[in-house]
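The values are calculated or read from the model by the stated rules, or taken from the named source; none is laboratory data. Every value quoted in this text rests on a predicted model; they were computed, and no experiment measured them. Quick reminder, even Gly has a Cβ in these numbers, built from the backbone with ideal geometry, and neighbours come from all protein chains shown. Surface accessibility is based on the protein's heavy atoms, side chains included, excluding ligands, DNA and RNA. Shrake-Rupley method; radii C 1.70, N 1.55, O 1.52, S 1.80 Å.
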Amino acid sequence: TLSLEGEIGIAFYYYIVEDFDKAIKQCKSLIKDNDEIKDKPGLLAEVYNVKGLSERKIVEFDNAIESFTNAIINANLAIDNEEYDNSDPEFELSMAYLILGKIYTNLLDFDKANESLDKAVEVLKARIDCLDDGDDKTAKLLFLAEEYRVYAYSCIWEEDFSKAESLLNECDIIYRDNKS
């Protein structure tokens, strides 16, 4: 029998190889049938994110929004209860908001997109501020640059070019500061 982390790894694998139906099926099985994950909200948030990412790729936006909403609930629960269980709930929280922002941009709902993207950036910046220098901080900074790029993309669609430029400048600073 695989460990819980192994089962989650299988879901990630299916997502990475773009077998989205299998990824969704694996996530649903973990959520419904795995008793161990029910007590690990950080890992549950991770599973909901993989499920939502897969649903987004096959344009099941309503299901994806529901998955990311569940990821947010579980990530916040893990953070509030300081239950990390081999998870990174702040990252999962930021990821859920980021992809919600992408979905709302695709739906041309810029108010919800901006709200979600603001939260994604806010959560990740707060997490980065708590980290010592090292690989984890660098990885999170580079993901923050990705968040700025996604946000800028949304601003361009909204025709808020000055905000897009500002976000891309923030992105550029991160890349310049982290060249090595």
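Which of the peptides 68-78, 1-11 is most tightly packed, and how do the rest follow, going by the mean number of other Cβ atoms within 10 Å of each residue? Don't jump to the answer; show the numbers that get you there.
Numbers: 68-78: 22.2, 1-11: 14.4.
Sorting 68-78, 1-11 by mean packing, highest first, produces 68-78, 1-11.
Each of 152, 17, 53 was scored by the projection of its Cα onto the charge dipole of the chain, and the greatest displacement toward the positive side belongs to 17; charges sit on the C-beta of Lys, Arg, Asp and Glu. Each residue of the range 141-156 was assigned a 3J(HN,Hα) from its phi angle through the Karplus curve 6.51 cos²θ - 1.76 cosθ + 1.60 (θ = phi - 60°); the sequence is 4, 5, 5, 4, 4, 4, 4, 4, 5, 4, 5, 4, 4, 4, 5, 5 Hz, with glycine and proline shown as x. Taken about its Cα centre, the range 1-65 carries a charge dipole of roughly 100 debye when the Cβ of each Lys and Arg holds +1 and the Cβ of each Asp and Glu holds -1.
Which of the peptides 146-158, 94-106 is most tightly packed, and how do the rest follow, judged by the mean count of other Cβ atoms within 10 Å per residue? Before the final figure, lay out the partial values.
Working: 146-158: 19.8, 94-106: 23.7.
With the highest mean Cβ count within 10 Å placed first, the list reads 94-106, 146-158.
Under a model in which nothing but the beta-carbon of Lys, Arg (+1) and Asp, Glu (-1) is charged, the chain shows a dipole of about 440 debye around its Cα centre. Residues in the range 51-65 carry Karplus couplings, in order, of 4, x, 4, 5, 5, 4, 5, 9, 6, 9, 4, 4, 5, 5, 4 Hz; the curve used is 6.51 cos²θ - 1.76 cosθ + 1.60 with θ = phi - 60°, and Gly or Pro positions show x.
Placing pseudo-labels 7 Å out from each Cα toward the beta carbon at residue 38 and residue 172 gives an inter-label distance of 5.3 nm. The residues of the chain expose, per residue, 54 Å² of accessible area to a 1.4 Å probe. In order along the range 112-125, phi translates into HN-Hα couplings of 5, 4, 5, 4, 5, 5, 4, 5, 4, 5, 4, 5, 5, 4 Hz, rounded to whole numbers, per the Karplus curve 6.51 cos²θ - 1.76 cosθ + 1.60 with θ = phi - 60° and x for Gly and Pro. Computed over the chain, the per-residue total of -39500 (n - 2.57) for DSSP H runs of n ≥ 4 gives a 222 nm mean residue ellipticity of -26500 deg cm²/dmol, rounded to 500.
Might you report the magnitude of the Cβ-based charge dipole of the range 83-137 about its Cα centre, with Lys and Arg at +1 and Asp and Glu at -1, to the nearest 20 debye?
Numbers: 6 positive and 15 negative charges, 76 e Å.
Roughly 360 debye for the range 83-137.
Take each peptide in 124-137, 12-25, 54-67, count the other Cβ atoms within 10 Å of every residue, and average; sorted highest first, the result is 54-67, 12-25, 124-137.
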